[in-house]
Structures are given as C-alpha cells and as structure tokens.
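The values are calculated or read from the model by the stated rules, or taken from the named source; none is laboratory data. Everything quoted here is computed from the prediction, not taken from an experiment. All Cβ positions, even for glycine, are placed from backbone atoms using ideal geometry, and neighbour counts span all protein chains on display. Ligands, DNA and RNA are excluded from the accessible area calculation, which covers all protein heavy atoms including side chains. Shrake-Rupley method; radii C 1.70, N 1.55, O 1.52, S 1.80 Å.
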Amino acid sequence: MTVTVSPTAAPPPADQARVGLLARPWVRFGARRLGRLVVSLWVLVTASFAMIHLIPGDPVRGALGPTAPAELVEARRQALGLNDPIITQYLDYLRGLVTGDLGTSISSRLPVAEIVAQRLPATLVLAVLAFLAAVVVAIPLGVAMGVLTRRGHGRRTELAFTTTSIVVATIPDFLIGVMLVYVFGVRLGWLPVAGNETAAAYLLPVVSLAIGPAAILARIVRVELVTVLEADFVRTARAKRLPARTIYLRHALPNAVTAALTLGGLLLSAMVAGTVLVENVFAWPGLGSTVVQSILTKDYPVVQAIVLVYGVGVLVVNTLVDLALARLDPRSLIREG
Amino acid sequence: MHGRWRRVLRTPLGLTATVLVVAVLALAVLGPVLWGTGAEAVDTDDILAQPSAEHWAGTDNLGRDILLRVLVAARLSIMLALLAVVISMVVGLLLGSLPFLVGSRFGRLVSAAVNIAVAFPGVLLALFFAVVFGVGATGAVLAIGLAGAPGFARLTQTLVAGVAARDFVAAARIAGVGRVRILFRHVLPNIAEPLVVNATIGAGSALLSFSALSFLGLGVQPPSYDWGRLLYDGIGAIYVNAAAALAPGLAVLLAGLAFNLFGESVAKGLGVDVGTGPHTVHRTARIRPVDRSDRETGGAELEAAPSDLVLDVRDLEVTLPGASGPVRPVRGVTFSVRRGEAVGIVGESGSGKSLTALAITRLVGDEGRVDAARLELLGHDLRAPDTAVRRRMLGTSLAMVFQDPMTSFNPAHRIGGQLAEVAIHHQGMSRRAGLRRAVDRLSAVRIPDAPTRARQYPHQFSGGMRQRAMIGMGLMGTPALIVADEPTTALDVTVQQQVLDLLAAIRAADEVALVLISHDVAVVTEVCDRVMVMYAGRVVEDLPATDLATAALHPYTRALVAAVPDMTTDLAEPLATIPGRPVAPADVPPGCAYADRCPLATARCRDEDPPLVADPRVRPDHRVACWHAGEPLPAGQAGRNTDELVESP
C-alpha cells in the first residue's frame, strides 16, 4: 500500500521517434515485407529462366518441329543465346528483364514485351473487376449473415448459408463459365459469350470469376463477425449504448474484415490465376488465352514471360495485402515480431 | 472412432457426400467394363446430333454417344486425379518433414522455399510444370501433383511441429531414438488423420484441376479422353449440341463436389481443422418466466426516498442455456444503491457477481435471459425494451468499467475516437467537439499529455493507463452510477491503487454512486461503504464495510474475511482457505447452497433456503441469509488442514 508509481510507468512512445526511422514499427514491418518480396521475385525470375532449360530435349527443335532444317534450328538457337554458357544466359536474361527486353517470340518473331503489353490490360481489367464484384457482394452478405446468425440466433440460416457457400465455392470458375454461356448465351441469347468488344461482354466473365471467391469471402466475413461480436470491446461498445448499426459497422466490421482481407488477398491472387481458365472459356483476348496458345505451339519465350508476369502479379498483390493489413490493424505489426 | 464416423453419416451433407463418392468410385470401376465398346462406336450418319431417345446427350463429331463417353471417362478422370494426389502427398510429406529430420539450418531453408511456393496459386504452378513436363496426360499428372505439393508440405510441417513439441516426442528424443524412427513411430501416426482428410479434399481439387488442364487442351490428348477433354470438345459445339458441354461439366462438378464435401464432412465429424475457421454453434434456450411469488424479498424496509435512489433491483434472476438444460447463475438478488454510495459485491468466481453487474447494466447477451420484479436506474424501468431516449439516458448516466482493459478497447480505433463516440452519439456533439471533450476527460483521469495520447491506439497504452482511459470514457457523460467489474484484477499490483484512488476521487467529487465487483475483500473494504457477499447466485450477507472484519454474521463471510492475510497473520501457518468447492449453477441444492461447506450446517439448512433479512439483533442496514447467523464457529474452522482442501476453479 505504500508503493507509489508515477503515471508514466510505461515507456512513452515519444522515445521511439528519437531512435530513428527504422525503430518505427510500421517502417520496420514494411522493410521486412519488401525484403521478402525481393527474395520471392528472385526465386520467381530464376524459376522462369530455368523453365526453358528444364524442358527435355531441344526447345527450339520442339518449337519448330522435326521437319525444320538443322541450319534454321541452329540459327534460332544462336539468336536466342542458347549456345552461350548457362551463367552468361542467366545474366543476359536478368539484364533483359531490367531493360524491358523479354526476348522474341519463336513463332511470330514479335518482341515478347510487345505481346505482353498488348494482352495485359484485358486480363488486368477482368481480374480487378471480378475482385471488386466479389468484395462488393461478399462483405455486405457476410455481415448480414453474421448479424443474423450471431450467438443465440439463426441456427437454420447458418446451416443453409454455410452449406450453400461451400457448394458454390467448390464449383470451379470455368465450369461456372460454361453454365453461364449455356444459360445466357445459348438458351436466352441475352449476352455475348466471347471477346471484350462491348460492355455487356464483360458481364459473364466477371461473374464466373467472382462467384466462387465471393462465396468464400462471405463465409469468412460471417465467421469472423460472429467471433468479433463476442469480443470484449463489442461489449464495451454496447455499454456505451451505441446504436446497433454503429456497433456492427464501426466496431465489429473493421476487426472482422482484417482477417477476411488476409484470405481475400489469397483470393485475389487465385483470381489472377483464374483468369487463365475463364479467358479460355470466353475467348478473352488477354494473357491467359495467349499463354495456353503459346504452350500448345511451344513458343517458350512467350510462355516464360507470361508466367513471370502472372507470378509478379501474385507476389505484388500479396505484399500489398500485407501492407494494407498492417494499416488497418496496427496490432499485426507487433504480431509479426 | 466408430461413433465419430457414424456421426459423419448422420448429417444430411455427410450422407449425400458419402453416397456420391461411393457412386463415383463404382462408376470408375464399372464404367469402361459396361460401356467401353458403346462409347467407341462411330456412326458417321448421326454426327453432332441433339439429345434423343437413342442418344440421351446427343453425339459428337464422329457420331459417338456422349453420355456413354462421359460414363466411361470416369475411370481415367478419377485415376489421374488420385495419382496426382498421391504425388502431392508423397512430395509434400517429404518436404514437410524435412525440417524435422535435418534440423534447424537446412530445415529453415526448406520451409522458406515451401512458404514462397505456397504463395503461388495452384493453376499457375500447374501451368509452369505442364510446360516443363510437356503437354499430355503424364505431364499433367506430374504438374498437378507437384503443384499441390507445397500445400501438403506446409500442412505436414505445421502438424509435425505441433506433435514434435509434445512430451512423448521429447521423451523419445532424450531416450536416444533416432529422428527418422521418431518420425515414423511417433509423429506420423499422430498426424495421419488430418492428412488423410486433407488428401480427400485434395482429390476433389485435383479432379477439378485436371479437368481444367484437359479443358485447356494441355491434359489428356486424343484418342484418350477424360471429362476435361470431353468438355474441351463439347464447348466448341455448344451452340449445336449444348449437352456435349453440359454432360461432362456436370460429371466433373458432381465428382469434385463429392470428394470435397466428403472430406469436409469427415473433417467436421472427426474434429479435424481444415482451416475454414471456427463454427461454434450456440443454441438459445427458451425459458418459461419464473413464478416469483414464493421468493423472499428482504430489505424492503431499507427503501430510501425515491429521489435518492440511483439503482433499485428486486429479485434479479439471470438464466443461461447450459449443456444439460438452462441454468440460473443469479437467483433472486435484491439491493439498491443511493446517490454517491459505494457498494461492493464480493464472492468467489462463479458466485454470479459479474453476471449481476451485466444484468443491471443490460449487457447480458442474447442467449441469456434476465428477469426481475424491479430493475430501475434513476427511476427508469430497465426491463422495458430499448428506445433511443433510453439509450441516451443509459449512455450518459451509467458508466461501465470492465476487468480487462486490453481487450475492452477496440484495437482498430484510436483512444480519443472511442471516447468521443459517446459525446457524438448521445450529446449531439460534432466530431471535433467530441474529441476535445475526450482529451479533457483523459486529463481528468490523470493521463499525461492527453492530446497526444488521444491520437494513439489502445496497444500503445500501458495497462493502468488503459483502465484510467476506460474510466474516462465513463466520464464523457455525467454518470450517476459507475459499475466496475473487477477493475483492478488484470492490472499490476503497483497500478491497482491508482485506479482505486481515481474511482474514489470521482465518487467524492461528483456524488457518483459506485458498484464495485471484486473477489478481493481488501479492495472492497477500502473503497466501499457497503459490502454485499454473494454465494451461488444469491446475496448471503449485506453489511456496512466497517462491520465486515468485526461483525459479519454469515459463516461464509466470516470465512472469506479470515482468508485475507493481514499484518498479524502468522506466516509460519498455512494461509486460511475455505474447504470444499463452490456449488455449480447447474446443481444448486434446495436448501442453503453453502450448507455443504459450512461448519454450522444442520438438517434445516439442507432443506430450507434461508431468506435475506435484516437481523433484529443488529443494525437495520445489515441483512443476512443464514439460519445460524452469528453463532460461534468451531475453533480453527477456517484454517483446517490444507490437504483436505480443494482449490476452487
């Protein structure tokens, strides 16, 4: 009872600013996360370089076919630098990447960078639109379900919702695409089923890409919201007698969405990859249809570059999600160490 | 084990999935035997035909029956998928247990590589490997198998790490058993179940991925055909014969769903986590209103002038759903609190004191049910449903301080904003004015540099400071009553006193009434005017704090007081404790709930619950519920031999 403590028993955070920029948790976290991105990028670049060398046999002979004259194959090998020592090829590849030179297509002889630049926007638009659609549908749906099935409520609703979302999430995007083509294209004839010339043509590809992730995301948001609604700070918010809307949207939602976002990030990168299939269903003139064509025609420089672009996209998305998460939930900085 | 499997079959989803899996497997075995020749029969007179009685799903460009081809394709589709899963599992197990086998340095490298690989979506990995291994069925099996491996590797790694930390593995290690042997004898058998469940789900995913690759033209090549290849052929002709695309699509879907759902239901039935998050199910109990006519209502004579009463509670009951029927952890609590008065509620954990606090502040969750003959705050009936006006009244005149200030603030918002909310919602202040008021209140609870602190997040505050900020939040309005539930329990001993001093100062300055809930008799005696002792959901004694040490009448209160060591306690002796354990709310006896632990208990105590009444022999503001109130205790009762004592939870 004789102990007296000054009110500033805890170390004041003002000290942190004095130590230097790196002492700030946010900067430290960002630096570490960017470090991981660089390492992953290096692994990715090396893997895409190695791809062409892992192919059994001569990739140029494979691409040009067994009937191509030996001189042509040799000339093309020379042009691609395949006769140089492997380490020189690797350094040339890295140099090319830095200067934006992704090589030349074996079949069309166009610069690969040009092909990628021409195809990338369509894929990007498709992925971003689908992600937005999934989020716009899933968060309100998940919140509504969470509120309806919060502790002590809606046992049947929960079962129905959980079952439906599992089933919907299991259907792969290209099968949803085929079904949508059948219903809206073949039977009803309402919507175009190929290309991206009109605004209406966006509808079916975006929907087939968004449905599965939306179901998963809504399910996660619901589970998280139900958990968060049991948290002490929600009880505090209730003790403040805030209106229900404020409690759900201001106090519960941000904490539920942080966890949902972690998985949402994975969904976004899965969506980037999902474009490959959906593009092939809808003849979408993007990277996905190009990469499949190039694999079939054994145009390896193009495949190499597009796989690299997809990989970079995934890595960048994952990093951005982590950084966004750190902004939304200051605690994740501490949790990461 | 048996019962758990049966539980899988009992859910409608589990049963459907099991039937589907069995059907799909049977089709894979029998399909080619039954329809193998029919599916190859070429009929050039009848190509690309629409569905008809003869060809239920029409014919393809060689006039072959599509339905038969779909049925026959089951074997190849499923075999290839299973093969791919086996590859995923073997490679994944190998990579996943490497860190355990080879130790920290190389192991860390392997797990870092796995972590990088897991970040890439399966389709992308599969494309990469499909290029390396070449287009065709073999390439696709290897591609999908290897693409699935990182996921299995990560799962194995996590599971192995979990088991490796357990005692029996440590014991085996100390006994000199080799790592490989430990892995096979002790670790793998313990993680087999979740691995198998995930492999089942993996089979579904592999099936879908495989059909995806074949659909892209990268998988099975003609003249062989799997479902994906049939879909590839069918989609080109979808305008001519839609069934050619729909039939294989449906087959893929059903089979994929069957494996996935089967895996998920088995996981649920066996309690294996597949990383889909918790699904706790709570059930609301519906409870009949209780008949309160037979309940004793002591303390009626204590009623003060209505204007002086801040809180008035009669016959408060809280009922919660329990494992075997509803339980009633609060059973008829009656008390009132006057302006500026500090009432302490003490009791062991489980005595119902915290639930009482939640009930009088209307914070019992939806699953609980609160009944009371009267429940009034400043003359407002709290039993009536919430209205905006009532919310404002409660929001400004009732403050609540919770036990754990760490979890009681919202981690996602700044402290200042969380305080300001009260003013913004209930006092119509602008955001800016609300924040100004928040800074002012933070200074009022002695938080240094309040303007800076208000802009910080809860995790940047120390525990004591958070609790003061919580009290400051209560002071945003003009509270007439502060209910503090164990406000110092989660704090360091050194800062507990600050928080208690602060509560005392606020009470003195503004005539705020205080209900302080604590298991700590010393804390309550220090701060409060009156002390209520709760036991098994009832108030057993209600007396002035000054009388607690000297004039307590209930044997339980006396035992509680005796259990608190003071300056004269002989530390050579074991500290006094109360023998026996508190009564669980689910099995409260008909008589006095304390009878089993009470040295004075008689037959009457076990049959009749004593009412809480003022004892005529002492002051009128001293109520006690005991048939033997004040009778002398047998010597040394409170400090009986320690080995017959049972710790209360």
Could you pull out the residue among B:V33, B:V70, B:V86, B:V24 that is at pLDDT 75 or above, assigned to a helix (DSSP H, G or I) and loosely packed, with under 13 Cβ neighbours inside 10 Å? B:V33
Tell me the residue from A:V221, A:V193 that is of a type in the set (V, I, T), more than 8 Å from every other protein chain (Cβ to nearest Cβ), within 27 Å of the chain's Cα centre (by Cα) and in a loop (DSSP other than H, G, I, E, B), please. A:V193
Filter segment A:52-90 for residues that are open to solvent by less than 30 Å² (accessible area, probe 1.4 Å) and not small (G, A, S); the one that is nearest to the other protein chains (Cβ to nearest Cβ) is A:I55
Kindly list the number of the only condition in (1) closer than 24 Å to B:G463 by Cα; (2) within 7 Å of chain A (Cβ to nearest Cβ) that fails for B:V401. (2)
In the set A:L323, A:L296, which member is at pLDDT below 85 and in contact with a Gly (Cβ under 7 Å, 6 or more places away or on another chain)? A:L323
Restricting to segment B:411-446, and then to whatever is assigned to a loop (DSSP other than H, G, I, E, B) and either within 16 Å of B:M465 (Cα to Cα) or touching a Lys or Arg at 6+ places or on another chain (Cβ under 7 Å) (or both), can you tell me which residue is farthest from the other protein chains (Cβ to nearest Cβ)? B:M429
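Among the residues of segment A:163-178, how many are more than 7 Å from chain B (Cβ to nearest Cβ) and open to solvent by 10 Å² or more (accessible area, probe 1.4 Å)?
Matching residues across segment A:163-178 total 5.
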Residue under evaluation B:S224, criteria (1) under 24 Å from B:A26 (Cα atoms); (2) buried (at least 20 other Cβ atoms within 10 Å of the Cβ); (3) away from chain A (no Cβ under 11 Å); (4) not aromatic (F, W, Y), criterion not met: (2)
Pair list, Cβ < 7 Å and 6+ apart or interchain, from segment B:493-521 residues that are assigned to a helix (DSSP H, G or I) to residues that are open to solvent by 40 Å² or more (accessible area, probe 1.4 Å) and at pLDDT 85 or above: B:L500/B:E526; B:L502/B:R446
If we keep just the residues of segment A:125-155 that are farther than 19 Å from A:H251 by Cα and touching a Ser or Thr at 6+ places or on another chain (Cβ under 9 Å), which is surrounded by the most Cβ atoms within 10 Å (Cβ to Cβ)? A:A130
Just checking, how many residues over segment B:375-398 are facing chain A (nearest Cβ under 9 Å), open to solvent by less than 60 Å² (accessible area, probe 1.4 Å) and among the aliphatic types (A, V, I, L, M)? 3
Within segment B:337-378, considering only strands (runs of 3 or more DSSP E) that don't extend past its boundaries, which have at least 2 residues that are among the hydrophobic types (A, V, I, L, M, F, W, C)? B:342-346, B:374-377
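Is there a residue being of a type in the set (K, R), open to solvent by 60 Å² or more (accessible area, probe 1.4 Å) and touching a residue at least 60 places away in the same chain (Cβ under 8 Å) anywhere in segment B:580-598?
Yes, the conditions are met somewhere in segment B:580-598.
With respect to B:P385, is the statement that it is touching a helix residue (DSSP H, G or I) at 6+ places or on another chain (Cβ under 6 Å) and assigned to a loop (DSSP other than H, G, I, E, B) true?
On the way: touching a helix residue (DSSP H, G or I) at 6+ places or on another chain (Cβ under 6 Å): no; assigned to a loop (DSSP other than H, G, I, E, B): yes.
In short, no.
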Here the residues within segment B:32-61 that are closer than 21 Å to B:A245 by Cβ, polar (S, T, N, Q) and without any contact (Cβ under 8 Å) to a residue 12 or more places away in the chain are B:S52
If you check A:A169, A:A127, A:A160, which single one turns out to be in a helix (DSSP H, G or I) and out of contact with any helix residue (DSSP H, G or I) (no Cβ under 8 Å at 6 or more places or on another chain)? A:A160
Is one or more of the residues making up segment A:231-242 more than 30 Å from B:V483 (Cα to Cα), within 12 Å of chain B (Cβ to nearest Cβ) and assigned to a helix (DSSP H, G or I)? no
Is there any pair linking a residue in segment B:206-228 that is on the phi > 0 side of the Ramachandran plot to one that is surrounded by fewer than 24 Cβ atoms within 10 Å (Cβ to Cβ) and part of a loop (DSSP other than H, G, I, E, B), with Cβ under 9 Å and at least six apart or on different chains, and which? B:G217/B:V135
Name the residues in segment B:411-446 that are touching a Pro at 6+ places or on another chain (Cβ under 7 Å) and among the hydrophobic types (A, V, I, L, M, F, W, C), would you? B:A412, B:I415, B:V439
Taking segment A:275-306 as the region of interest, how many residues are under 22 Å from B:R229 (Cβ atoms), among the charged types (D, E, K, R) and more than 9 Å from every other protein chain (Cβ to nearest Cβ)? 1
Which residues, taken from segment A:44-66, are closer than 24 Å to B:A117 by Cα and out of contact with any Gly (no Cβ under 9 Å at 6 or more places or on another chain)? A:T46, A:F49, A:A50, A:M51, A:I52, A:H53, A:L54
Which residue, of B:A203, B:A170, B:A199, is assigned by TED's automatic domain parsing to the domain that holds B:G96, surrounded by fewer than 15 Cβ atoms within 10 Å (Cβ to Cβ) and of a type in the set (G, A, S)? B:A170
Have a look at B:D440, B:D404 and point out the one that is among the acidic types (D, E) and open to solvent by 60 Å² or more (accessible area, probe 1.4 Å). B:D440
In segment A:243-257, anything buried (at least 21 other Cβ atoms within 10 Å of the Cβ), at the interface with chain B (Cβ under 7 Å from one of its Cβ atoms) and either modelled with pLDDT under 85 or closer than 17 Å to B:T361 by Cα (or both) is listed as A:N255
I want to confirm something. Restricting to segment B:126-158 and keeping residues that are under 14 Å from B:L216 (Cβ atoms) and away from every other protein chain (no Cβ under 12 Å), which single residue is surrounded by the most Cβ atoms within 10 Å (Cβ to Cβ)? B:I144
Identify all residues within segment B:608-617 that are open to solvent by 60 Å² or more (accessible area, probe 1.4 Å) and either at pLDDT below 85 or farther than 21 Å from B:D315 by Cα (or both); write none if there are none. B:P616, B:R617
Is it the case that some residue within segment B:114-125 is open to solvent by 30 Å² or more (accessible area, probe 1.4 Å), of a type outside the set (D, E, K, R) and more than 14 Å from chain A (Cβ to nearest Cβ)? no
Kindly indicate whether B:G463 is crowded, with 24+ Cβ neighbours inside 10 Å, within 11 Å of chain A (Cβ to nearest Cβ) and of a type in the set (G, A, S). no
Just need a number here: residues in segment B:342-368 that are within 14 Å of another protein chain (Cβ to nearest Cβ), on the phi < 0 side of the Ramachandran plot and of a type outside the set (D, E). 11
